[in-house]
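Notes follow once the structure below has been shown.
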Amino acid sequence: MFPLQRNRRLRTNESIRSLVRETSLSPQDFMLPMFVAEGKDVKVAIPSMPGIYRHSLDNTIKEVKEAWDLGIKAVNIYVKVSDNLKDNKGVEAWNKDGLMQQTIRAIKDAVPEMIVMPDVALDPYSIYGHDGIIENGQLVNDATVDALTRMSLSHAEAGADFVAPSDMMDGRVLAIRKALEENGHHNVGIMSYSAKYASAFYGPFRDALDSAPVDSQNIPKDKKTYQMDYANRIEGIREALLDVEEGADIVMVKPGIAYLDIVREVKNAVHVPVAVYQVSGEYAMVKAAAERGWLDHDKIMIEQLYCIKRAGASIISTYFAKEAALLLNK
């Protein structure tokens, strides 16, 4: 009690503050999401995500090497495929010579120690922009799980370190884990998007991949029948626990900064690493406010990343990864 206890003693200067700091942040905490496009020497800016681009495979490799040199140890891969390769079942998703599979092989050849976690969901391959197969106006769970399992096996065969199902289908982690085991991919891990909420923060991402749900009377207009209701907390914990039981090595909470209560709840509930995705809308908001001079970009960026780590994240998937790594390395 005061004056025996004066809490400000431990805030006197930066030396003592750093000595007693409870949370540390480094480039090794980050995973870099990357958008890959077809073609060669392609670099297409994403207007709603300043500083983020769709790169062709040759430029993607340059980006991966740069990330590795900054101390970033993992990349999360998303591909934009041509419309003529899209259908309702996402058959292109498990093409052994598809863009995703080529990308996995190329990254592992160029930077073998980089952890590659390709996205597993059908929306980039779907004519409807949904994460699964549509039948009679509804997204069907079990047929989608079969497709996701084939997709995951193709990623493992291409050399992925982890597969990252982001679809939110019931039972997909167990199905993928069984398929990986049966086909000898014992060391390929699963990072499951366990508590993925139906969020408006995803808008710029869907611009990046042209993967928003198609506006049609015959299909669901949004993803609320499989992504979670943002009003729910206990459901997120339950989803994470189920995924761990089914074989997930890492569980993810998505989005990030507005869901730190879920991050902490999940961290307290599971005994595996927790990843957090600081999503495109969160990134865009900081960029937009900083461009107008309303916020200090670098201070806000670092503060948010620290807060995500403090809440319980072992891994932070963030579009700020390179910028933050440059700043932290200084």
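The values are calculated or read from the model by the stated rules, or taken from the named source; none is laboratory data. All of these numbers come straight from a predicted model, not from anything done at the bench. When we count neighbours, we look across all protein chains shown, and the Cβ atoms used for this are built from the backbone with ideal geometry, even at glycine. Keep in mind that these areas ignore ligands, DNA and RNA; they rest on the heavy atoms of the full protein, side chains included. Shrake-Rupley method; radii C 1.70, N 1.55, O 1.52, S 1.80 Å.
Quick look at the values:
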| quantity | calculated |
| --- | --- |
| Residue within the stretch 39-47 that is modelled with pLDDT under 95, within 30 Å of L139 (Cβ to Cβ) and open to solvent by 70 Å² or more (accessible area, probe 1.4 Å) present | yes |
| Residues of the stretch 262-281 that turn out to be in contact (Cβ under 8 Å) with a residue 40 or more places away in the chain and open to solvent by 50 Å² or more (accessible area, probe 1.4 Å), as a count | 4 |
| Among (1) farther than 24 Å from V251 by Cα; (2) open to solvent by 10 Å² or more (accessible area, probe 1.4 Å); (3) in contact with a Leu (Cβ under 8 Å, 6 or more places away or on another chain), the one test that W94 misses | (1) |
| Residues located in the stretch 121-140, provided they are surrounded by fewer than 17 Cβ atoms within 10 Å (Cβ to Cβ) and either part of a strand (DSSP E or B) or modelled with pLDDT of 95 or more (or both) | E135, Q138, V140 |
| Filtered residues of the stretch 149-200 (kept if of a type in the set (K, R) and either modelled with pLDDT under 95 or in contact with a Gly (Cβ under 7 Å, 6 or more places away or on another chain) (or both)) | R177 |
| Condition broken by G203, with the remaining ones in (1) part of a helix (DSSP H, G or I); (2) farther than 25 Å from M49 by Cβ; (3) open to solvent by 20 Å² or more (accessible area, probe 1.4 Å) satisfied | (2) |
| Criterion (over 29 Å from R105 (Cα atoms), out of contact with any Leu (no Cβ under 7 Å at 6 or more places or on another chain) and touching a residue at least 60 places away in the same chain (Cβ under 8 Å)) met by exactly one of T23, T12 | T23 |
| Spans of strands (runs of 3 or more DSSP E) in the stretch 31-112 with at least 1 residues among the basic types (K, R) and farther than 17 Å from S126 by Cβ | 43-45, 53-56 |
| Residue list for the stretch 208-256, filter: assigned to a loop (DSSP other than H, G, I, E, B), of a type in the set (D, E) and on the phi < 0 side of the Ramachandran plot | D215, D222, D229, D249 |
| Whichever residue in the stretch 51-90 is open to solvent by less than 30 Å² (accessible area, probe 1.4 Å) and on the phi > 0 side of the Ramachandran plot and, among such residues, is farthest from the chain's Cα centre (by Cα) | G90 |
